[in-house]
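Presented below is the structure to which this report refers.
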Amino acid sequence: MLIACDLDGTLTFDGTCPAQPLVDVLEDFAERPDVRLVLATARSPRCLRDWFGRLAQRIDLVCCNGALHLPPGGLPATVRALPAASVGRLLERLDRAGVGWCAEYGDHFVARDATALPWFGDRARRRMAPGQRPPLDGVLKVSIEESRRGLPAAAGLPGVVTLPHATGDMDVVAAGVDKSVAVAGLSSTGAADLAVGNDLNDLAMLRSARRAVVVGDGLPALDDVPHVRRVAAHPRDVERALLDAVPQVGIA
């Protein structure tokens with residue numbers, strides 16, 4: 001039985017570790033021998049390790065929108081980097097337009113300055129000197145402050161896809177990278193038994209799951225899908241929805 005959960009806007013609503021009752025539910029899932037628990041997120045693995053500690057070492061981490069998969073306690077099983085040439089052209093366009101960006105490598109990220117996506121923090125941030133170019137190989141995603149201005153910068157670049165977020169920012173990842181693809185590869189049936197999410201980068205994962213929970217008021221296209229339930233964006237509602245959904249996907 002495979003359970004896949006998004007993080008931001010799904011399990012946490014303030015950019016910090018989910019509330020302890022929700023973490024306890026995840027711990028309970030991870031302890032069950034018939035469950036494979038996956039955290040599927042746009043975030044990097046270092047954030048999940050900071051937030052979840054030992055739990056992050058015992059479950060599958062699908063990070064950077066599916067570009068990076070780390071199995072329990074192991075080395076990366078899947079790494080899908082962006083084409084280097086497209087990264088270079090994208091960053092040049094963003095710099096000319098004055099749009100903030102961060103290039104994610106997994107263990108650190110590079111930004112032009114401290115003001116770009118400040119909620120990423122500073123611990124893993126490496127700033128670029130004026131005129132300096134970041135390494136173009138090994139970029140798992142480029143996060144852009146404003147999707148409105150980021151979409152034109154990414155237009156026409158080969159080998160990339162754009163993922164705008166409900167929060168107004170966006171990610172650019174390699175073509176073919178998707179949470180649903182990464183999660184499907186972990187399941188014997190090719191999809192999650194239970195998927196929980198809230199944003200556009202969760203849509204395919206929610207559609208393909210046996211049962212799904214949409215958190216908040218986004219993704220209206222799922223409102224008429226029979227296997228999908230919608231709950232309020234509040235930790236207690238999400239906790240209850242997880243506990244209610246588990247027996248319905250066959251976990252005693």
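Whenever a residue of segment 158-176 is surrounded by fewer than 14 Cβ atoms within 10 Å (Cβ to Cβ), its partners that are basic (Lys, Arg), lying with C-beta atoms within less than 9 angstrom and at least six residues away or across chains, give the pairs GLY168/ARG148; GLY176/ARG80.
Filtering segment 156-171 for residues that are modelled with pLDDT of 95 or more, β-branched (Val, Ile, Thr), assigned by TED's automatic domain parsing to the domain that holds LEU90 and more than 19 Å from THR78 (Cα to Cα) leaves a non-empty set. Could you count how many residues in segment 103-119 are closer than 17 Å to GLN132 by Cα, modelled with pLDDT under 95, buried (at least 16 other Cβ atoms within 10 Å of the Cβ) and not hydrophobic (A, V, I, L, M, F, W, C)? Total meeting the criteria: 1.
In segment 25-47, the count of residues that are among the charged types (D, E, K, R), within 23 Å of PRO164 (Cβ to Cβ) and over 15 Å from the mean Cα position of the chain (by Cα) is zero.
Within segment 184-193, can one find any residue that is in the same structural domain as LEU90 (by TED's automatic domain parsing), in contact (Cβ under 8 Å) with a residue 12 or more places away in the chain and among the acidic types (Asp, Glu)?
As a first pass, look at segment 184-193 and keep what is in the same structural domain as LEU90 (by TED's automatic domain parsing): none.
So far as segment 184-193 goes, no, none of its residues is in the same structural domain as LEU90 (by TED's automatic domain parsing), in contact (Cβ under 8 Å) with a residue 12 or more places away in the chain and among the acidic types (Asp, Glu).
Condition first: farther than 24 Å from PRO21 by Cα and assigned by TED's automatic domain parsing to the domain that holds ASP14. Can you find one or more residues in segment 230-248 that meet it? No: zero hits. Which one of the conditions (1) under 24 Å from THR10 (Cα atoms); (2) among the small types (Gly, Ala, Ser); (3) assigned to a helix (DSSP H, G or I) does GLY88 fail to meet, given that it meets all the rest? If we test GLY88 against (1) under 24 Å from THR10 (Cα atoms); (2) among the small types (Gly, Ala, Ser); (3) assigned to a helix (DSSP H, G or I), just (1) comes out false. Look at PRO134 and say whether it is without any contact (Cβ under 8 Å) to a residue 60 or more places away in the chain and under 27 Å from ASP113 (Cα atoms). For PRO134, the condition - without any contact (Cβ under 8 Å) to a residue 60 or more places away in the chain and under 27 Å from ASP113 (Cα atoms) - is met. For segment 220-252, the tally of residues that are part of a loop (DSSP other than H, G, I, E, B) and either free of Cβ contacts under 8 Å to residues at least 12 places away in the same chain or over 18 Å from THR12 (Cα atoms) (or both) stands at 9. GLY190: exposed (fewer than 14 other Cβ atoms within 10 Å of the Cβ) and either polar (S, T, N, Q) or under 14 Å from ALA4 (Cα atoms) (or both), yes or no? It is true that GLY190 is exposed (fewer than 14 other Cβ atoms within 10 Å of the Cβ) and either polar (S, T, N, Q) or under 14 Å from ALA4 (Cα atoms) (or both). One residue is enough: does segment 82-91 have a residue meeting the conditions buried (at least 21 other Cβ atoms within 10 Å of the Cβ), over 30 Å from ASP217 (Cβ atoms) and polar (S, T, N, Q)? Yes: segment 82-91 contains one or more residues that are buried (at least 21 other Cβ atoms within 10 Å of the Cβ), over 30 Å from ASP217 (Cβ atoms) and polar (S, T, N, Q).
Which of the residues belonging to segment 13-40 are closer than 17 Å to GLY216 by Cβ and either of a type in the set (Phe, Trp, Tyr) or touching a residue at least 40 places away in the same chain (Cβ under 8 Å) (or both)?
Of all residues in segment 13-40, those closer than 17 Å to GLY216 by Cβ come to 13-15, 18-19, 22, 40.
Selection gives PHE13, GLY15, PRO18, ALA19, LEU22, ALA40.
The values are calculated or read from the model by the stated rules, or taken from the named source; none is laboratory data. Everything numeric in this text was worked out from a predicted model, so none of it was measured. As a convention, Cβ positions derive from the backbone with ideal geometry for all residues, glycine included, and neighbour counts pool all protein chains shown.
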